[in-house]
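What follows is a set of notes on a single structure, which appears directly below.
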Amino acid sequence: MLPSVLQPFLPQAAFDAVRAAHLLNRCGFGGTPEEVARVQELGPRKAVDWLMDFPDAPAEEQSQTDVPDLSAIDGWPRTFADRRKLFEGKTPDERMQLNQQLQRANREAVQATAEWWLRRMVAGVNPLQEKLTLFWHGHFTTSARDERSAWLMWQQNELLRTQSAGNFREFVRRISRDPAMLDYLNNSQNRKQHPNENYARELMELFTLGIGNYTEDDVKEAARAFTGWAHDGENFVFRKNDHDDDEKTFFGRRGKFDGDGIIELILSHRACAPYIARRLWTFFVYEDPEPEICQGLGEVLRGSGWDLRPVLATIFTSRAFYSERAIGTQVKSPIQLVTGSLRLLGGPMPPVRQLTGALDQMGQIPLAPPNVKGWPGGRAWINTSTLFVRYNTCVMLAGQGDAVETARVTGRAEDVVDYWVGRLIQRPIPAEKRKTLLETISRRPGDESAVRSMIQLIVSMPEYQLC
């Protein structure tokens, strides 16, 4: 039986606008007043069903049209054979120039892919799927700073999206074969004669178990099991001659394990399901969850045959999810701050280079986590330098576009203030701060510029940095 904190949040009457907005913030990138009202009317259970109603694979027509602009790398070699042909017969200077062209084109394609994904987060029809894709991007980490192929980075992003709420067993099997991951953690160089331990180590330390649940010998033996797993271009290949087919001893079991065999043994480890539950809870709810939460969700995950949807539904309908410890306590990641501001303000997206420049200064660019551990998150997002950029970016976004013209700017000053606080912060604010906002527009009632100044004050409040 689930612990009481994971039991469903039942009282419809208590599911107010604050809780409805909280659900939209955590299951996506914030909700407009209309979306908040719809979620409140649906209630917690039906609202979660609605948010989770997305396909595990893109529609056929979407897969053909909704793709980033990768034209910068059209015609460039994808397979090793194509690359050899391109460089064949070239002088050293010509090879150097070709390499420079490849690198420049790849940077342009990565930038286009980042813009494509940001637009999906801001205006996509499945916000929870994009939020899950962002979570898994920080979990099964790969960075475009190290991966030479923008195509492979987009291919991996689509894998994270299609598997985001699917079966975790299948997810691990597929990410272990993903070309970008094989490059990032050097498994393409993992051969029988010279085993490379990078992927085997991170598979256990970061992706499935956590530190302390395996030995160095387990890492060495798992690395042997993944020998020969490589790729040619966008396709996984198994190089039989590079694979170590001898017996291995892993978690005290002996056998001729390959990578899939190692994955099965990892999933059978008692620490695996609670570890994944903890990572999900920390991202979506709050840090340092109670042990009974991790154990309870771990049991749901194992009991579902490793399907993720029942775990997600349990999280988003639980009492703890709607507790005081959860609501309005999470520091917005830079991506959450920027995409959420664009959603809530209703303005246009600035030029992507301006946006990614600000995100870079705040510490989070799509497709470029700092290292294999992903982004640290939480309070680590805030320091003296990033806070300044966060405030300035929000003020810049609030100062552009037509958000003010299409929303409430006239009427009683109290109503205008309450509308914008409800729209942007979505929780009550201290009385003295509300008084300051009232004073800002009371001097010039009905003045659009005064309302815009008030909005910029709202997005500069510490409360706006939290969701």
Accessible area of K85 in the full protein assembly, 1.4 Å probe (Å², nearest 10): 140 Å²
5 angstrom amide H check on H231, placed H, neighbours 5+ away: V237
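Under a Cβ-Cβ cut-off of 11 Å, what is the net charge of the residues other than G30 that fall near it, where Lys and Arg count +1 and Asp and Glu count -1? Don't jump to the answer; show the numbers that get you there.
Values: positive: R26, K131, K332, R343, R423; negative: E35.
That works out to +4.
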Share of pairwise Cα separations in segment 247-310, more than 17 Å, in percent: 46 percent
Hydrodynamic radius (Kirkwood) for segment 184-262, which is based on Cα pairs only, to one decimal in Å: 12.5 Å
Most to least accessible of S164, S4, S304 (protein chains only, probe 1.4 Å): S4, S304, S164
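Let me have the relative contact order for segment 1-60, percent, based on Cα pairs under 8 Å that are six or more residues apart. Can you show the working numbers first?
Values: 26 pairs, mean separation 19.2, N = 60.
Answer for segment 1-60 is 32 percent.
Measure off, as a whole percent, the carbon and sulfur share of the 1.4 Å-probe accessible area of the chain, all protein chains present. Each step should come with its number before you reach the end.
Values: 10330 of 20730 Å².
Accessible surface attributable to carbon and sulfur in the chain totals 50 percent.
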Dipole axis of segment 115-194 (+1 Lys, Arg; -1 Asp, Glu on Cβ), positive-most option in V125, L160, N190: N190
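Averaged per residue, what accessible area in Å² does the chain show with a 1.4 Å probe, protein chains only?
Values: 20730 Å² over 467 residues.
In whole numbers, the chain has 44 Å² accessible per residue.
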Of T393, Q364, V416, farthest towards positive along the dipole that unit charges on Lys, Arg, Asp, Glu beta carbons give segment 329-455: Q364
Peptide ranges 190-198, 74-82 listed from the most packed, as the mean C-beta count within 10 angstrom indicates: 190-198, 74-82
Computed P(r) (all Cα pairs; segment 1-96; 5 Å bins; percent): 2, 10, 12, 12, 10, 9, 7, 6, 6, 6, 7, 6, 4, 3, 1
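Can you show me the helix-derived [θ] at 222 nm for the chain, built from DSSP H runs with n ≥ 4 at -39,500 (n - 2.57) apiece and divided by the number of residues, rounded to the nearest 500.
Numbers: 22 runs with 247 residues, N = 467.
The per-residue figure over the chain is -16000 deg cm²/dmol.
Taking the Cα centre of the chain as origin and charging only Cβ (+1 Lys, Arg; -1 Asp, Glu), how large is the dipole, in debye to the nearest 20? Mind dumping the intermediate values first?
Numbers: 57 positive and 60 negative charges, 126 e Å.
So the magnitude is around 600 debye.
Restricting to Cα atoms and excluding each atom paired with itself, what does the Kirkwood estimate give for segment 128-184 in Å?
Details: mean 1/r = 0.0894 Å⁻¹.
Roughly 11.2 Å, rounded to one decimal.
When the Kirkwood radius is taken over all Cα pairs of segment 291-335, what Stokes-Einstein diffusion coefficient follows at 25 °C and 0.890 mPa s, in µm²/s? Present the calculation step by step, with values, prior to reporting the outcome.
On the way: Rh = 11.8 Å.
Approximately 207 µm²/s, per Stokes-Einstein.
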Spin-label model distance (nm) - D53 vs F236, 7 Å beyond Cα toward Cβ: 3.3 nm
Ranked by how many other beta carbons lie within 10 Å on average, peptides 253-263, 436-446, 414-424 from highest: 414-424, 253-263, 436-446
Furthest towards positive pole of dipole, T141, N241, T215, structure part segment 110-254, Cβ charges: T141
Histogram of C-alpha separations across the chain, 10 Å bin width, %: 4, 18, 27, 25, 16, 7, 3, 1, 0
Summed residue charge, Cβ within 15 Å of D360's Cβ, Lys/Arg positive, Asp/Glu negative: +3
Within segment 6-46: Cβ-based charge dipole about Cα centre, in debye rounded to nearest 20 (Lys, Arg +1; Asp, Glu -1): 180 debye
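The values are calculated or read from the model by the stated rules, or taken from the named source; none is laboratory data. Bear in mind the structure is a predicted one, so any value in this text is a computation, not a measurement. Neighbour counts are summed over all protein chains in view; Cβ atoms, including those assigned to glycine, are modelled from backbone coordinates with ideal geometry. Ligands, DNA and RNA are stripped out before the accessible areas are found, and what is left, the full protein with its side chains, is counted by its heavy atoms. Shrake-Rupley method; radii C 1.70, N 1.55, O 1.52, S 1.80 Å.
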